[in-house]
1. Between Glu302 and Ala731, what FRET efficiency follows from the Cβ-Cβ distance if R0 is 35 Å, with the result rounded to 0.05?
2. So what is the orientation-averaged projected area of the chain, using the convex hull of its C-alpha atoms, in nm²?
3. Starting at the first residue of the stretch 533-547, write each ³J(HN,Hα) from the Karplus equation 6.51 cos²θ - 1.76 cosθ + 1.60 with θ = phi - 60°, in whole Hz, x for Gly and Pro.
4. Roughly how many whole Å is it from the C-alpha centroid of the stretch 18-73 to that of the stretch 188-219?
5. First check a/c for the stretch 727-768, with a ≥ b ≥ c the square roots of the eigenvalues of its C-alpha gyration tensor; if it is under 1.5, answer rounded, and if not, answer prolate when a/b is larger than b/c or oblate otherwise.
6. List the lysines whose Cα lies under 24 Å from the Cα of Lys472, skipping any in the same chain that are fewer than 8 positions away.
7. Per residue of the stretch 19-28, in order, report the coupling 6.51 cos²θ - 1.76 cosθ + 1.60 (Karplus, θ = phi - 60°) as ³J(HN,Hα) in whole Hz, putting x for Gly and Pro.
8. Mind listing which chymotrypsin sites (Phe, Trp or Tyr not before Pro) in the stretch 61-104 are in a DSSP loop and have 13 or fewer other Cβ atoms within 10 Å?
Amino acid sequence: MIDTSPPIADTTKTTTCYMCACRCGIRVHLKDGRIRYIEGNPDHPVNKGVLCGKGSAGIMNHYSPARLTKPLLRTGERGSGDFKEIEWEEALSLAAKWLGDIRATEPRKLALFTGRDQSQSFTGWWAKQFGTPNFAAHGGFCSVNMAAGGLYSVGGSFWEFGDPDWERTKYLLMFGVAEDHDSNPIKLGIAKLKARGAKFVSINPVKTGYSAVADEWIGLRPGTDGLFVLSLVHELLAADRIDLDFLVRYTNAAWLVIRNPSGANDGLFVRDEEGKPLAWDRATSAAIDAATPGMQPQIAGEILLRDGRRAFPVFHLLAERYLDGRYSPDVVADTCGIPAATIRRIAHEIADVAFEQAIELAQPWTDTAGRRHETMLGRPVAMHAMRGISAHTNGFHTCRAIHVLQMLLGAIDTPGSWRYKSPYPRPIPPGPQPAGKGSKPNTMLPGMALGNPRGPEDLLLNDDGSPVRIDKAYTWDTPMAMHGLMHTLIANAHAGDPYPVDTLFMYMANMAWNSSMNPGEATRNLTDKNADGSYRIPHVIYADAFFSETVAYADLVLPDTTYLERWDCISLLDRPIGSPEGPADSIRQPVIPPDRDVRPFQDVLIELGVRLKLPGFVKDDGKAVYRSYADYIANHERRPGIGPLSGWRGADGTSEGVGAPNPDQLQRYIANGCFWQYHHKPEALYYKHANAAYLEDAKRLGLIDSTAQIVLQLYSEPLQKFRLAAEGHGAVQPPASQRDRIRQYFDPLPIWYPPFEQSLPEQAAYPLHAITQRPMAMYHAWHSQNAWLRQIYSYNRLYIHRGTAAALGIEDDGWVWAISRHGRVKCQVKLMEGVNPDTVWTWNAIGKRRGAWNLSDDAPEAKRGFLLNQVISEFLDGGRQLNADPVTGQAAWYDLRVRIEKADGPAETAPRPGVLHRPAGLRAAPRTLAYAVTAMVAGRKTEDGKQTPPPPVGGGRGEGSKQTSSAPTSPPPVPLPQREGEKVQ
Ligand code: SF4
């Protein structure tokens with residue numbers, strides 16, 4: 001009898017997906033020791049069983065022929081791809097020698113930078129123990145404007161920090177969100193909105209993904225979101241459609257701001273002797289503690305204080321600013337590329353939903369002032385935003401503007417509005433401050449390298465004013481660079497500016513290609529030599545699981561495992577998976593042992609920590625504190641009782657949040673599907689910034705240190721402190737050349753200004769905006785070696801509005817040059833209607849360097865794919881002015897301007913940098929990238945132990961093409977649900 005439904009698996013293990021950054025729970029089915037099928041974990045709080053295309057295709061990443069197989073030592077020139085395989089002992093000894101020499105002399109000469117690393121609380125802690133201030137991950141490159149704008153305004157932000165109230169929202173405004181951000185949760189949420197008939201408005205220059213399913217698409221010009229938002233603010237203020245009760249109780253609207261032009265206290269809050277901000281009480285005609293319950297605060301008009309000082313309430317300053325005619329829809333419409341009537345209508349619609357369709361939950365709660373509320377009032381307008389608005393030189397203020405709009409509507413953590421995800425909200429301004437000053441030989445830093453400055457005194461400047469960090473974060477160039485500046489690292493290290501480094505140590509950061517704003521310059525810098533023939537950057541260590549473009553530029557390559565072969569923790573100390581209902585965290589467990597000579601990077605860092613005898617890594621007798629990263633996850637305590645994981649703490653596993661390490665903690669996670677979650681009581685679920693029950697529970701769980709109200713900041717005093725320094729006040733002041741700049745961009749109320757690149761000379765020569773989008777099926781550069789995902793995208797086009805193309809005489813499928821100030825790239829065109837007419841765009845990171853990722857030299861990714869980064873620069877106008885937000889240093893990817901010209905010649909993209917040679921140990925890619933084929937070829941031996949012959953090489957399918965391989969394919973595994981009797985681990 002034929003078994004039509006044979007068991008797919010003999011074992012099923014739960015773990016956490018890492019095919020993008022969303023951290024969905026998955027169940028991995030294995031048969032005969034091989035992965036056969038991945039499905040979403042229906043119990044998991046992030047994805048509730050939903051799995052995207054990338055997640056399903058994780059099998060093909062795991063068995064990818066691009067996996068590195070053994071440590072490599074460079075034998076030829078950098079970039080040549082000439083390596084020899086070495087044993088781990090030699091690799092670790094060499095790394096420990098280089099790093100040990102640095103630590104004993106000048107620890108800052110190590111720069112440890114990671115990419116989309118989900119262990120930053122560990123890698124950052126390692127850097128601190130080493131003693132280098134030069135640590136950062138990918139945030140400055142991605143969305144630090146979102147994080148900084150949010151944390152300094154409302155004590156939280158979007159994505160990991162907050163969510164629309166999907167169950168109750170009646171109106172969602174979504175700004176610049178790519179399809180890969182918060183991917184499955186947003187898809188689930190939008191489905192809920194649609195089912196309920198809520199309105200979903202997407203603001204994005206490009207109508208793809210979420211925008212394509214929105215009820216209304218607003219295709220504004222890139223970089224004008226902030227102006228659009230401030231025009232909405234103008235309309236709401238003019239129509240008196242704001243929530244004054246919310247503003248007075250929960251924001252600093254009534255706090256008094258000193259008016260003392262050119263004085264040292266101008267623009268600061270009026271405070272009492274204890275430092276408490278004061279508001280004017282109309283009942284007593286006195287300035288009193290702004291948190292006094294029952295006071296009658298004055299929110300408009302000038303106030304003469306008893307000591308003779310003049311002051312204005314924050315709300316007065318805000319209304320004065322945004323009621324100005326320059327924010328009226330009629331004035332901003334042309335700049336934004338949106339009709340004034342549309343702006344007015346959106347303002348009217350959100351006011352109508354917030355105030356005429358308010359929600360009232362019959363849920364009593366008590367606020368931090370002790371007031372009992374019988375219901376929870378909700379303003380069901382939610383907002384969500386991401387890198388599309390933040391990757392501009394005006395991104396920080398745009399993010400602040402959105403939060404001000406939310407506050408004016410009373411739509412922060414109320415039923416139906418945007419909600420904090422645990423462990424947020426956090427106090428404002430956020431802490432702790434950045435450490436890094438006084439880096440000394442053989443000494444750890446006093447704190448973590450990255451932090452949150454409260455004013456000029458927290459800048460990382462040496463006594464002579466020179467930068468402490470190699471990327472110049474926390475200097476007057478970018479004072480609030482709280483995620484560092486990965487994009488300046490290689491250029492600064494090459495220039496020895498502000499000082500030379502000895503070793504670049506990078507982890508899963510593809511900085512020779514798509515994680516660089518200028519890959520051509522990055523590779524030149526990495527290969528440039530001194531007159532004596534030595535490299536300008538003496539040592540480069542790179543850790544990655546795959547043969548990415550950066551591998552060839554390393555001296556020492558430390559091969560990482562795939563995400564299915566190792567332990568990880570998605571920690572509340574890092575980027576958590578909490579929800580508005582409560583905190584949550586999760587782990588990865590190895591579902592399969594490595595079949596190559598590779599090691600998890602975190603284990604490698606622990607081993608190096610021991611060899612270097614770093615504090616925290618060795619005991620007094622010199623023995624290792626942690627045997628492995630798994631041991632660290634279970635036993636490390638960052639503070640007494642607080643460790644990487646919050647579930648099942650305490651010796652017997654009965655504590656949550658705070659408790660002693662539990663030797664069985666990881667097993668408890670595995671038994672629970674590799675995650676832990678906690679639910680706050682219903683009375684604690686909204687108004688968390690001022691909800692006594694929530695704040696007490698959060699403190700008990702170790703999420704925050706204080707139960708004090710977190711007052712939302714319409715007006716940001718830390719920004720004003722930087723401004724005062726620029727006006728000549730305080731001990732730390734900017735140089736004369738920076739003063740105007742700081743004065744302009746550190747406005748305590750949100751401002752809008754045109755993106756920097758638009759303000760450069762000869763703007764008319766570059767009339768079009770050029771931006772990238774990220775597709776649902778690809779994440780960064782990670783998936784072009786993935787046989788299944790390559791069938792969806794293996795090359796990218798430049799998308800142009802049909803009308804714009806017609807005016808330029810460009811036809812569909814034609815080839816063009818996209819020319820910027822920095823260079824030109826040749827690409828193929830696709831015409832469409834759903835794009836702002838002044839904007840061209842393409843998918844990000846589909847284009848690949850020839851040979852990289854073990855693709856064939858003529859793979860479509862290299863032949864027809866291109867990278868917009870090839871015409872971007874980290875510096876503007878050929879000079880040293882950063883192409884970055886002046887407040888946070890966020891890379892301004894989306895400020896790019898181009899012109900389009902028809903191209904002749906072969907149907908291939910250009911420039912096409914030289915072929916990267918496969919390093920030793922990497923087999924040639926198979927022509928057919930199918931499951932069974934790649935599974936064998938990626939390993940070194942066949943399943944019967946024989947060496948596989950190198951198969952011919954080839955590529956995948958093109959974007960929308962019908963190309964198929966002529967070689968026979970093995971059938972892919974048949975996806976079947978879990979069967980009864982299968983073991984789940
Ligand atoms: S969204 Fe997809 S790729 Fe990302 S973690 Fe979830 S399942 Fe994995």
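1. Between Glu302 and Ala731 the formula returns 0.70.
2. 40.5
3. x, 7, 6, 4, 9, x, 10, 10, 10, 9, 10, 7, 7, 10, 7
4. Using only Cα atoms to place each centre, the spacing works out to 28 Å.
5. Taking the square roots of the gyration eigenvalues as a ≥ b ≥ c, the stretch 727-768 is oblate.
6. Counting by Cα, and skipping residues close in sequence, Lys472 has these lysines nearby: Lys109, Lys128, Lys437, Lys440, Lys529, Lys721.
7. Here the 3J(HN,Hα) series is 8, 8, 8, 7, 6, 6, x, 10, 10, 9 Hz.
8. none
The values are calculated or read from the model by the stated rules, or taken from the named source; none is laboratory data. Keep in mind that this is a model prediction, so the values were computed, not measured. For neighbour counting, all protein chains shown are included, and Cβ atoms are generated from backbone atoms with ideal geometry for every residue, glycine included. Side chains are part of the model used for accessible areas, which takes the heavy atoms of the whole protein and leaves out ligands, DNA and RNA. Shrake-Rupley method; radii C 1.70, N 1.55, O 1.52, S 1.80 Å.
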